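Below is one structure, written out as structure tokens, with a few remarks after it.
The values are calculated or read from the model by the stated rules, or taken from the named source; none is laboratory data. Since the structure is predicted, the reported quantities are computational estimates derived from the model, not experimental observations. As a convention, Cβ positions derive from the backbone with ideal geometry for all residues, glycine included, and neighbour counts pool all protein chains shown.
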Amino acid sequence: MKTSYSFEELVAIMRKLREPGGCPWDAEQTHQSLTRYLLEETYEVIEAIDENSPGHLKEELGDLLLQPVFHAAIAEESGAFAITDVITTLCEKLVRRHPHVFGDLEIKDSQQQIENWEKIKRLEKDTTERPSALSGVPPHLPALLKAHKIGEKAARVGFDWEHADQVFAKVMEELTEFEEARSEGNAERMEDELGDLLFAIVNLGRYLSLNPEEALRKTIGRFQKRFSYVETSLHRQGTTMQESSLDTMNQLWELAKDAERSGQL
């Protein structure tokens, strides 16, 4: 068995899987049917990064790499483009958008590079296609990530707060308005105000260079670990969460937090 393969061999394997006599499942796939796998593999790469597991990350990066190779194979069959075209387009874009590396432009820091990157992107696009500063945000992004992206784009054209205290005040304002809607018992207004509150929190995170999607994902992970700790502790005591009082579960929850802080969870 071979110990290493080239990228060209990977492309050849994918083509063979799609050919008559290859794999029936692979041959049936389309760009649309593969969409879910592209998303799943992306999140599995993130999970491997969170686990700080090089072996797991290596495997998941391979699964993710398969997706563009798969899509390119489908496109090649229809004559649209091949994987070499994908690579060429990417390389040209990287060179074009890094004139401070491949040209004579000088920049001071990463912030100036971001600004220059956006300027180049605007020049690349037809302004009749993307008339708004908010254009170009993928519609299927998770809501928190999409809100963060929109806030960034608005900030780049000067539509932003001057300091973090103003953003925090906006969060408190939206929280007050949500409480008013809750007091009224108005479900439709509560939904609107909850959305406004979440959007304000996302903007506070953005202003402080915190990614809301990542922050919430990590919080969910901590919740799951602590919840599992409570379940396991109760199981060892011969009981269940349904049979236990909230006070008992809260005490175990605090023990879970202590274990987490000491690195035991």
Just to be sure before I move on: is K108 modelled with pLDDT under 90, of a type in the set (D, E, K, R), surrounded by fewer than 12 Cβ atoms within 10 Å (Cβ to Cβ) and within 27 Å of Y207 (Cβ to Cβ) in the structure I sent?
yes
From the list K2, K16, K58, which residue is basic (K, R), part of a loop (DSSP other than H, G, I, E, B) and exposed (fewer than 14 other Cβ atoms within 10 Å of the Cβ)?
K2
Checking V157, V230 in turn, the sole residue that is β-branched (V, I, T) and not assigned by TED's automatic domain parsing to the domain that holds S245 turns out to be V157
Checking H148 against (1) in contact with a Pro (Cβ under 7 Å, 6 or more places away or on another chain); (2) without any contact (Cβ under 8 Å) to a residue 60 or more places away in the chain, which single condition isn't satisfied?
(2)
Answer yes if at least one residue in the stretch 196-219 is among the charged types (D, E, K, R) and touching a Phe, Trp or Tyr at 6+ places or on another chain (Cβ under 8 Å), and no otherwise.
yes
C23 meets each of (1) within 26 Å of the chain's Cα centre (by Cα); (2) over 28 Å from H140 (Cα atoms) with one exception, condition (1)
Do you know which of the residues in the stretch 73-98 that are in contact with a helix residue (DSSP H, G or I) (Cβ under 6 Å, 6 or more places away or on another chain) and either of a type in the set (K, R) or in contact (Cβ under 8 Å) with a residue 40 or more places away in the chain (or both) is nearest to I120 (Cα to Cα)?
R97
Select, from F168, F159, the only residue that is exposed (fewer than 15 other Cβ atoms within 10 Å of the Cβ) and of a type in the set (F, W, Y).
F159
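Conditions (1) at pLDDT below 95; (2) part of a loop (DSSP other than H, G, I, E, B); (3) in contact with a Lys or Arg (Cβ under 9 Å, 6 or more places away or on another chain), marked per residue:
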position: T128; (1), (2), (3): yes, yes, no
position: L134; (1), (2), (3): yes, yes, yes
position: P138; (1), (2), (3): yes, yes, yes
position: L141; (1), (2), (3): yes, yes, yes
position: D165; (1), (2), (3): no, no, no
position: V171; (1), (2), (3): no, no, no
position: L197; (1), (2), (3): no, no, no
position: A200; (1), (2), (3): no, no, yes
position: N203; (1), (2), (3): no, no, yes
